[in-house]
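The values are calculated or read from the model by the stated rules, or taken from the named source; none is laboratory data. Remember, it's a predicted structure, so these values are computed and weren't measured experimentally. Cβ atoms come from the backbone with ideal geometry, glycine included; neighbour counts cover every protein chain shown.
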Amino acid sequence: MRTLKAAAAVLATTLLLAACGSGGSGGASSSAAAGADAEIVIGSTNEPTGLVRNVGGSSGVSQTMTRNVFEGLTSVDVDGLVVPTLAKDWDVSEDGLVYTFHLQPGVHFHDGSDLTAQDVVWSISQTIAPESKSARKNDLSVISSITAPDDATVQLDLSRRSQSLPFYLASVTIVQDGDTELSSENGTGPYRFVEWTQGDHLTIERNDDYWGTPAKNSGVTFRFFKDTTALNNALLTGDLDLVIAEDSPDQLVQFEGNDAFTITEGTSTTKQIWAFNDRVAPFDDVRVRQALYKAIDREKVLDAVWDGYGQVIGSMVPPTDPWFVDQADVHAYDPQAAKDLLAQAGVSDLTIAVDYVAGDPSETIAQLLQADLQAVGVTLTLNPVDDATWYQKIYTDHDFQTTLMGHVNPRDVVWYANPDFYWGYDNKDVQQWVADADQAATTEEQTALLTQVNETIGQEAASAWLYLDPQIRVARAEITGFPVNQVTESFYVADIVREG
Amino acid sequence: MSRYLLTRVGTLLLSLVLASVVVFAVLRFLPGDSAGTSLGVGTTSDQLEQLRADLGTDQPLWTQYGQWVAGLFSGSAGTSFVSRLPVGELIASKLPITLPLSLAAFVVSVLVSVPLGVVAAVRRRGVVGVTVSAVSQLGVAVPVFWVGVILVWIFALEAGVLPPGGFPRQGWEDPAAAVRSLVLPVATVAIAMSSVMVRYVRSATLDVLDQDYVRTARSLGYGRWHALARHGLRNGAVPVVAILGIELATSLLGAVVVENVFALPGLGTLLVSSVEGRDLPVVQALVLGLTALVLVTNFLVDLAQRGIDPRLRAGSALGGAR
């Protein structure tokens, strides 16, 4: 009996422990070499879940591998602009339906074989194949055929115009013909993949046969942490050269005013959102959404979470997207106006629930929302859940009233054109404009249409966008050349240098 | 003896089967969808269906359970939903960290707590006895991770003599670095375990000291220590061995907790990230493995106790009461 009790206790403890969650991982010390021989050690809390790329939710692997080990026909640079990569350039037919990509000459895979058009055809075909799990599968469904007229040319035929095609193609990394996502470690980038130890680190080393400008360091190790205290301890003691993202200003105190460290603040594309379930009452009433939005003091929320860093937003569009217009003041904090709007909508004694993934910053935000809403007569009940539950309850089942979530993707305002998305915003004009924007003849036309989308969802308070996360990095003072902004999934490391 | 053994082995196997059912069922009833969690925002419901089919989570539960158990018997714990690595390989790669950590913590805590516990009992009213009791009380009350945080602060951040966390990238190929990185975690687990064990050893020794045979031995002219060594230790060992068994399992659990504090890529960090990602095959294998370890340890402890105490052997002959 004692045996069974002990076993039951272990079972319960492990499950409980697991349910609580909090942890870390690690294991490398920075080498002292400087310049081109330097190995850079980078700390991150965003570990790849697996090495399968081109799959939705694989931001960890994109961060470490995209542009560094694997490259696309195009890339998105640190300013959010599309730049040619494996495609030297491309021609677009008059009607916008045929894209002809001319491949960069002299590109080799890491195993020494040449990049051919057939490799590109294979890689893109895999992404749009029926069994593909790529988050870009839908976006690229406009491609009707992929052919290789010769070894250095790839032709894409589209079923309609797509202004966003070159942007979406940046997410499709090119592997060798026949390689699957699961097995391939063979890319074309400035680094070769060396190893990944799950829960600990991922190492890449400079590819000396790189077709472009070679990396300025000899290699990079990404070390993965769950616990941010452990992460910053490692930076303090010299085990790390750079932390990609600090997640709270509390951690910065120990680096501020210390000459041994550099703190940079850049812009991100991570929008913290209080999303309503627009398909259910009372959130299907635009006045209620506007009222709830006006009831929130976003400056105060941002200040509580980020202590002066970051930026208040009034729509889904970050400043690095081409269709940004500042809408922070459209539904500025105004409790009286909020009360009036609620009265107009005939809503009183409103009690609503907010589901969020437990932990900060959502915990802090939820409590501030609760207080602000109380002031306009709305009761907010807090319902913390875990990550997996969030995906099930909110994302898949749409079983929620309101929720807090951070959305990291650039150019994701187009999700407001999908009435089946979890927030269920359904506006025919917006849907038309988004469709038209992708089929626009020029980027100007596209930008104009998406700006209209941006303004409309902002006006209608499709969701309550709270603020844009700052991108705060801390590096040892001798480390330079890292991108300050984070406007794509990838963290490009080839320009990072350790000064002698 | 053989009938006793048969009964015990039977109980052990039955417990394992029950544990596998419980582990499987509990995880299936946790809210959250493995497929959705691994695909994330931006994928379509068709893609979700596709992934569920790939993972087999669209199958009836009993089919999934059957496949899992069949896999276990053929020596395969399946493939991780998330990293797509074989579960056995994934777990094996973590053992070189978690096993040395928990075993070292166990050994250290035995070496510390047995002598301290005996001394605390024999000198229970002396300064040593009172101090040991008080300190162990404190050690029991303080959470394990907090001890870890304090040790990191003192020895890594302030004194700078030991790393604050992490494990060398080369693993045990660099033994000195590997050992250095385990010193603080081992100390953390050992402090927590010793605090508990010292109290058991102390009370077991006290029980023995009050026994007639010890008093008799002392009245025959043996010194206090001599009487205890001659007649008490074997008797005191029976409850202590039982505790050692449980503590061996505790040391593994303790290791799992402190790995998170010290950023060690062991079973603990694997368990936490696997639960977060609803990587069911990995969680199942880990929890069942830990449970099996406890069951087997207790089985061995029972056998050891019978070896030490002839009365237990006699008892089983009378009807297998134990």
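At a glance:
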{"read-out": "Meets criteria (touching a helix residue (DSSP H, G or I) at 6+ places or on another chain (Cβ under 9 Å), closer than 28 Å to A:Thr49 by Cβ and more than 11 Å from chain B (Cβ to nearest Cβ)) for A:Pro410", "value": "yes"}
{"read-out": "Among the candidates B:Phe29, B:Phe81, B:Phe73, residue that is more than 12 Å from every other protein chain (Cβ to nearest Cβ) and either within 30 Å of A:Asp397 (Cα to Cα) or exposed (fewer than 15 other Cβ atoms within 10 Å of the Cβ) (or both)", "value": "B:Phe73"}
{"read-out": "Boolean, B:Gly223 is at pLDDT 75 or above and within 12 Å of chain A (Cβ to nearest Cβ)", "value": "no"}
{"read-out": "Unmet criterion (only one of (1) assigned to a loop (DSSP other than H, G, I, E, B); (2) touching a Ser or Thr at 6+ places or on another chain (Cβ under 6 Å)) for A:Thr221", "value": "(1)"}
{"read-out": "Residue in the range B:191-206 that is more than 14 Å from every other protein chain (Cβ to nearest Cβ), touching a Lys or Arg at 6+ places or on another chain (Cβ under 8 Å), within 26 Å of B:Val122 (Cα to Cα) and surrounded by fewer than 22 Cβ atoms within 10 Å (Cβ to Cβ) present", "value": "yes"}
{"read-out": "Inter-residue pairs, beta-carbon under 9 Å, first more than 7 Å from every other protein chain (Cβ to nearest Cβ) and buried (at least 24 other Cβ atoms within 10 Å of the Cβ) and in the range B:262-291, second in a helix (DSSP H, G or I) and of a type in the set (Asp, Glu), 6+ apart", "value": "B:Gly266/B:Glu259; B:Leu267/B:Glu259"}
{"read-out": "Of all residues making up the range A:145-195, the number that are at pLDDT 95 or above, within 12 Å of A:Trp122 (Cβ to Cβ) and touching a Ser or Thr at 6+ places or on another chain (Cβ under 7 Å)", "value": "1"}
{"read-out": "Filter result for A:Tyr422 (closer than 27 Å to A:Ala358 by Cβ and in a helix (DSSP H, G or I))", "value": "no"}
{"read-out": "Looking only at the range B:136-174, and only at residues there that are facing chain A (nearest Cβ under 10 Å) and loosely packed, with under 13 Cβ neighbours inside 10 Å, the one that is nearest to B:Leu101 (Cα to Cα)", "value": "B:Gln170"}
{"read-out": "Residue among A:Ala7, A:Ala18, A:Ala28, A:Ala32 that is surrounded by fewer than 19 Cβ atoms within 10 Å (Cβ to Cβ) and at pLDDT below 80", "value": "A:Ala32"}
{"read-out": "Residues of the range A:363-386 that turn out to be in a helix (DSSP H, G or I) and out of contact with any Asp or Glu (no Cβ under 7 Å at 6 or more places or on another chain), as a count", "value": "11"}
{"read-out": "Selection within the range A:158-197 - without any contact (Cβ under 8 Å) to a residue 12 or more places away in the chain and either polar (S, T, N, Q) or closer than 19 Å to A:Val82 by Cβ (or both)", "value": "A:Ser183, A:Ser184"}
{"read-out": "Among (1) touching an Asp or Glu at 6+ places or on another chain (Cβ under 7 Å); (2) over 25 Å from A:Ala275 (Cα atoms) - the single one A:Val493 does not satisfy", "value": "(1)"}
{"read-out": "Pair list, Cβ < 6 Å and 6+ apart or interchain, from the range A:409-422 residues that are over 20 Å from A:Gln392 (Cβ atoms) to residues that are among the aromatic types (Phe, Trp, Tyr) and surrounded by 22 or more Cβ atoms within 10 Å (Cβ to Cβ)", "value": "A:Tyr416/A:Tyr425"}
{"read-out": "Any chance A:Arg223 is without any contact (Cβ under 8 Å) to a residue 40 or more places away in the chain, surrounded by 19 or more Cβ atoms within 10 Å (Cβ to Cβ), more than 30 Å from A:Glu444 (Cβ to Cβ) and not hydroxyl-bearing (Ser, Thr, Tyr)", "value": "no"}
{"read-out": "Boolean, B:Thr43 is β-branched (Val, Ile, Thr) and either farther than 30 Å from A:Glu489 by Cβ or within 11 Å of chain A (Cβ to nearest Cβ) (or both)", "value": "yes"}
{"read-out": "Counted residues, the range A:81-132 - those being under 27 Å from the mean Cα position of the chain (by Cα) and among the polar types (S, T, N, Q)", "value": "6"}
{"read-out": "Which listed residue is at pLDDT 75 or above and either over 23 Å from the mean Cα position of the chain (by Cα) or within 14 Å of chain B (Cβ to nearest Cβ) (or both), from A:Asn68, A:Asn46", "value": "A:Asn46"}
{"read-out": "Qualifying residue in the range A:297-313 (condition: at positive phi and small (Gly, Ala, Ser))", "value": "yes"}
{"read-out": "Pairs where the first residue, in the range B:15-33, is without any contact (Cβ under 8 Å) to a residue 40 or more places away in the chain and the second is of a type in the set (S, T, N, Q), C-beta under 8 Å, 6+ apart", "value": "B:Pro31/A:Thr389; B:Pro31/A:Gln392"}
{"read-out": "Hits in the range A:168-208 - residues which are outside any loop (DSSP other than H, G, I, E, B) and more than 14 Å from chain B (Cβ to nearest Cβ)", "value": "A:Leu169, A:Tyr191, A:Arg192, A:Phe193, A:Arg206"}
{"read-out": "Residue match in the range A:239-247 (condition: within 13 Å of chain B (Cβ to nearest Cβ) and in contact with a Pro (Cβ under 9 Å, 6 or more places away or on another chain))", "value": "yes"}
{"read-out": "Residue in the range A:316-323 that is within 27 Å of B:Gly32 (Cβ to Cβ), surrounded by 18 or more Cβ atoms within 10 Å (Cβ to Cβ) and out of contact with any Cys (no Cβ under 6 Å at 6 or more places or on another chain) present", "value": "yes"}
{"read-out": "The range A:445-486 - residue that is part of a loop (DSSP other than H, G, I, E, B) and buried (at least 24 other Cβ atoms within 10 Å of the Cβ) and, of those, nearest to the chain's Cα centre (by Cα)", "value": "A:Ser463"}
{"read-out": "Residues that are touching a residue at least 40 places away in the same chain (Cβ under 8 Å) and not in a strand (DSSP E or B), drawn from the range A:233-249", "value": "A:Ala234, A:Leu235, A:Gly238, A:Asp239, A:Leu240, A:Asp241, A:Ile244, A:Ala245, A:Glu246, A:Asp247, A:Ser248, A:Pro249"}
{"read-out": "Matching entry among A:Gln126, A:Gln155 (being touching a residue at least 40 places away in the same chain (Cβ under 8 Å), surrounded by 14 or more Cβ atoms within 10 Å (Cβ to Cβ) and under 26 Å from A:Leu51 (Cα atoms))", "value": "A:Gln126"}
{"read-out": "Candidate set from the range B:32-68 (those that are in a helix (DSSP H, G or I) and modelled with pLDDT of 85 or more); member that is surrounded by the fewest Cβ atoms within 10 Å (Cβ to Cβ)", "value": "B:Trp62"}
